[in-house]
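Everything on this sheet refers to the single structure shown next.
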Amino acid sequence: MARMKFVCDAERCIECNGCVTACKNEHEVPWGVNRRRVVTLNDGVPGEKSISVACMHCSDAPCMAVCPVNCFYRTDEGVVLHDKDVCIGCGYCSYACPFGAPQFPSQGTFGVRGKMDKCTFCAGGPEANGSQAEFEKYGRNRLAEGKLPACAEMCSTKALLAGDGDVVADIFRTRVVQRGKGAEVWGWGTAYGSKQAGQPPKTGTPS
Amino acid sequence: MKHIVLFTTLAACLTACGEKPQTMALPRSDAPSYTGVTTGSAGSSAFTAPGWKPGDKTGWEQQLKARQQNSQNDYSRMN
């Protein structure tokens, strides 16, 4: 199987926040922690665009690179997960992440920062799949139930695509070909690498 | 006598300063998703989606792909 990936189709996202609600409900995420958020660019201006953002489970995840206690690991499907028993809540991953995915509960005394929480691609954590211990720390494990992430499955306009990267790319490509616009996939290059990223401009193109 | 008591007390206090050896705890291994959940019987629970058998990796992958096509690809559903 190819890697699990997320894509948000900005042409379709209507900023309903259904994905945010689905995520919070499915995993019983506490107040103040938002594993998924909807971001609107040029809000209020004609042509505004909205995208749903969470952990993108990057191919070369910066959070994994900077974690001083090595609490992150990657599953066979490419889902980036972490072990809350190892996390010390230092917040380095929060600074490294280009998507603002790591969240920190601040319900402790004096607003002390707790252990990091983030999107798990509905794949739980290192505890036994589907166990109560896993649910309390990481939320539901839908992948082990043969399901896809709740946010994408609840998306009413199907703007948020999640699952096998090849299938995601196929679905998105079909849409772009059909409508003839909206090929920009925000975050795709940053998370999964891009052939264009970092390349010098072609000869003759204005710089 | 005074010295003995003092040294004994100091020695007893210093035992609290002992440092236990620390090893870096690496993340525990995670069971692959295709093995299913541990709460139900034979890897499946009441919430497990039908169409695959826990432990069958290929079946799990095919089931997820089919679910993805059916739920997210509206072009294949409409045409």
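All of the numbers you see were taken from the coordinates with simple rules; none came from a lab. Treat the numbers as computed from the prediction; the structure is a model and nothing was measured. Positions of Cβ are backbone-derived with ideal geometry, glycine not excepted, and every protein chain shown enters the neighbour counts.
Figures for the structure shown
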{"item": "Helix-only CD estimate at 222 nm, as mean residue ellipticity for chain A, using -39500 (n - 2.57) per DSSP H run (n ≥ 4)", "result": "-6500 deg cm²/dmol"}
{"item": "Residue order, fewest to most beta carbons within 10 Å, for A:SER52, A:SER156", "result": "A:SER156, A:SER52"}
{"item": "FRET efficiency for A:ASP166 and A:VAL112, using Cβ-Cβ distance with R0 set to 51 Å, rounded to 0.05", "result": "0.75"}
{"item": "Chain B, Rg to Rh (Cα coordinates; Rh as Kirkwood inverse mean 1/r)", "result": "1.62"}
{"item": "Sum of -39500 (n - 2.57) over DSSP H runs of 4+, divided by residues of chain B (222 nm, nearest 500)", "result": "-13000 deg cm²/dmol"}
{"item": "Cα-based helix-to-principal-axis angle, A:18-27 vs chain A, degrees rounded to 10", "result": "20"}
{"item": "Cβ-based exposure ranking for A:HIS57, B:HIS3, in which fewest neighbours within 10 Å come first", "result": "B:HIS3, A:HIS57"}
{"item": "Debye intensity ratio I(q)/I(0), log10, the stretch A:4-192, q values 0.10, 0.11, 0.14 Å⁻¹ (C-alpha model)", "result": "-0.39, -0.48, -0.78"}
{"item": "Among A:VAL167, A:ASN141, A:GLY189 - extreme Cα towards positive end, dipole of chain A, charges at beta-carbon", "result": "A:GLY189"}
